[in-house]
Structure formats: structure tokens, C-alpha cells
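For reference, the structure is listed below as C-alpha cells.
The values are calculated or read from the model by the stated rules, or taken from the named source; none is laboratory data. What you see is a predicted model, and the numbers here were worked out from it, not measured in a lab. Quick reminder, even Gly has a Cβ in these numbers, built from the backbone with ideal geometry, and neighbours come from all protein chains shown.
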């Protein structure tokens, strides 16, 4: 989508030799300045179609990274990390349960839980101890609304709709040192709720949209704007910071795409996006936070078991994460990857071969400092009397608690900062002690 304000400036540049152009240009500049001033007041400057750059703030030798992958739509955690040791699992899911043996059998993890075979590409991370799962994890708020649950998980304040920013934006504000314009990166068409707030982020459209030129990439227009914002005022500084951020990201993406294309367009899919992010991180150590989201997890109908709709979504997700780890190389040691979803799904399958909106779910945690090869959980069992409202896995671990451990032991934030990032969380809920190596 073209920004009307940017396109107006581009058109004025094309008309600069026509009668009356100077008057139009003056009006256009005033309109642009008013719009840009509003952006600057919020601390942001546009660097591309729906793309934003963080303003420079302050530098720091601690380059630990946090990457969050959001599975929008509420993935079925019971068919992702399967409690096959609980007989109720098979009784409640006669057609969609993942089998213990035979064709499409689960991958045993610890003698009670198993992994969906569509995620087989993640077994090396489980074996080397850098992948863990947190079961019966989620938001303490009981909503079954996708919109509300995603909002609460991204704001970090379950049940509070008035929170104005996302918890990853608050993390960025809490990080010490000098911040580069690309410290936080979101891959997607728009800046997500989780990264919204007073500190803007670099927003990179997915696929080839990331390389789509904007009017400011025209040398003549660029020269005109460079002259217009050549001062040392806040708006001029914001403009130049945005230009630097866009040039930096475009250079990295251009190098990445040229090397990967080999004369052909890249394939669509998650692996392509994670691979691009990994190479951006390898080239730009200033990237501290990153966010990606995937949809398609709302499996009310024809969910399938080892094969089918859910498996077809899990396989590229697992492959993408595995390739991401490989592409990160040594940077994986300094990276933690969280995979989250807004809530889980019902224990009992419905009449359409699917599952409905539930409560407790599974969080994935991967990274060099993760004490993995473990299922962290306070597991209550799947008997109806042990379920939330006799239908769902209960939430025994507040989703903010494992993230708080990551922020403290991995990102190096003090408890006082974490309490401001996650006000009102339930400390020590569940059983995530030891999740991150000290």
C-alpha cells in the first residue's frame, strides 16, 4: 500500500519545472512536515511501505537476542506435545489422536510426552538440550476470543484492555546502552501489537515486498529531502535515522536475495523468512529483538492426526525453525526463540474432526542458554475433574513467568524492570525453575 503523503511528495518532485510548482511544493512540504512532525512526536520515521525505524537512543556490549514467533489462531498444544502417557488423551480424541506406534507415530520425549512427527526436524535441538516445552502454559484470563487473547498476550497484561503498548516495546525501552535504528525488527506487513509503543521498530515486509522501492529511493527525491532535513533538530535527526535504517536493511536484504535467488525467485514459506532473518542478524549484531507471526492454527474442522491440516502447518514451521538455527550458526548461542499462541484447544475433539477454543497450551523455548530436553509443567492430568471447566487443559504456568526468566537470565534485565514490563504477573507460577542457564 502506497503512503499518500509520500506519493504526494513524489508527484511534486516530478512537477518541479511546471508553472506553479513552487507554490504546490510549499503546500506539499507544509503538509508533509505536519505529518512527519506527528510521527517524530511519537519517535518514528517511515523507512518503507508500512515500515518504521527505531530512533537512536543509547550501546552496549551485551548482544543477547530474543525472537518471538506467534502462532495466531490458537494451536492445539495437545497434538503438538502429546501427553500419550495419559489414557484420557486417547479416549477424548478417538480420530485425531497421535498414535504411540506404527505409521505416523509420535516421537517420544520423556516417557510421558511425545512430539508430533511433523516436527521431526526439531529433534536435533531436543537431543542437544537447547529445546524445551512448557505445557499447561498460557494466559490467566479466561477469554476464548482470539482478538482479546492475542491482545492480552501481546500487551503482557491479561484482562486489561487499556494497556497502550506491547511488552516487547517495553523490553526495548529497558535494554541498556545505545540503541541502533534496527534494534527491533518485525517481519510482516505491519508493526504488531506486541512491538507497538513509544519506541518504534524496523518493520520489514515479508518476501519480495521487503525490496519494493519507495519514492525516497529516487536519488532526486532523496537529495531534496536530505537538503530539507539537514539541520540538527529532532525531526531532521529522525529523518536521517530512518534513512540509515532503510539503507542498512535494504543492503542486507539485497545481498541475501541475490545470493539465494541464483536466477530464480525464492520459494514462499516460513523457512525463507527465518533464513532471511538469520542472515540479517549475522550481518547486523545490533538486532536484539525480532518478531514473526504465522496464521492458520484455528482447527475447528478436519484437524487430522499425524497427517492433515495441523500436520501440514506444523511441518513448515518446524523446518523453518530448524533452518533458522542452522543459519544463525554461532549466534544461536546468544539467541532465545519463544514460540507462543493465544490459548489452547479443547481436550475432547468435536463432531467435525477438529477442536474448539480452549485454555492451557504449550510454549516452546529454544536457544543456546536454554536448559532443554525437558517438559516444564505442573501437569494436572486430563480426567474431566482435573480440567478447566471440565473441558480444557488448565493454565498452571502464567505465560509471563517463563518469559520473565528469559528476560532476567538471558537478556540481563533486573527484577525491577521485568516487573514494569509485566505488571501484575504471577511470579513462580508453574514449574519453570532452571529453564535458562545462569
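List of remarks:
- Residues of segment 177-189 satisfying the condition of being over 12 Å from the mean Cα position of the chain (by Cα) and either more than 19 Å from residue 407 (Cα to Cα) or modelled with pLDDT of 85 or more (or both): 180, 181, 182, 183, 189
- Yes/no for residue 369 being in the same structural domain as residue 78 (by TED's automatic domain parsing) and closer than 23 Å to residue 284 by Cα: yes
One line per residue, one yes/no per condition, for (1) crowded, with 20+ Cβ neighbours inside 10 Å; (2) in a helix (DSSP H, G or I):
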| residue | (1), (2) |
| --- | --- |
| 140 | no, no |
| 144 | no, no |
| 152 | yes, yes |
| 164 | no, no |
| 168 | yes, yes |
| 173 | no, yes |
| 194 | yes, yes |
| 198 | no, no |
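- First in segment 97-121 and on the phi > 0 side of the Ramachandran plot, second anywhere and in a loop (DSSP other than H, G, I, E, B) and at pLDDT 95 or above, Cβ under 8 Å, 6 or more apart: 104/98; 104/305; 104/306; 104/307; 111/85
- Taking the criterion of being over 26 Å from residue 193 (Cα atoms) and either surrounded by fewer than 19 Cβ atoms within 10 Å (Cβ to Cβ) or without any contact (Cβ under 8 Å) to a residue 40 or more places away in the chain (or both), the residues of segment 283-303 that qualify are 283, 301, 302.
- Within segment 71-101, restricting attention to residues that are part of a strand (DSSP E or B) and at pLDDT 95 or above, the residue that is surrounded by the fewest Cβ atoms within 10 Å (Cβ to Cβ) is 81.
- Flag for residue 428 being within 29 Å of residue 350 (Cα to Cα) and surrounded by fewer than 22 Cβ atoms within 10 Å (Cβ to Cβ): no
- Extreme residue, surrounded by the fewest Cβ atoms within 10 Å (Cβ to Cβ), among residues of segment 102-119 that are touching a helix residue (DSSP H, G or I) at 6+ places or on another chain (Cβ under 7 Å) and in a helix (DSSP H, G or I): 119
- Subset tally (residues that are under 23 Å from residue 150 (Cα atoms) and under 24 Å from the mean Cα position of the chain (by Cα)) for segment 325-355: 10
- Search result, residues across segment 407-438 that are part of a helix (DSSP H, G or I) and under 16 Å from residue 166 (Cβ atoms): 407, 417, 418, 420, 421
- Whichever residue in segment 357-384 is part of a loop (DSSP other than H, G, I, E, B) and within 21 Å of residue 158 (Cα to Cα) and, among such residues, is farthest from the chain's Cα centre (by Cα): 378
- The single condition among (1) assigned to a loop (DSSP other than H, G, I, E, B); (2) in contact with a strand residue (DSSP E or B) (Cβ under 8 Å, 6 or more places away or on another chain) that residue 135 does not satisfy is (1).
- Restricted to segment 204-313, the set of helices (runs of 4 or more DSSP H) holding at least 3 residues that are under 30 Å from residue 66 (Cα atoms), under 25 Å from the mean Cα position of the chain (by Cα) and modelled with pLDDT of 65 or more comprises 234-261, 270-283.
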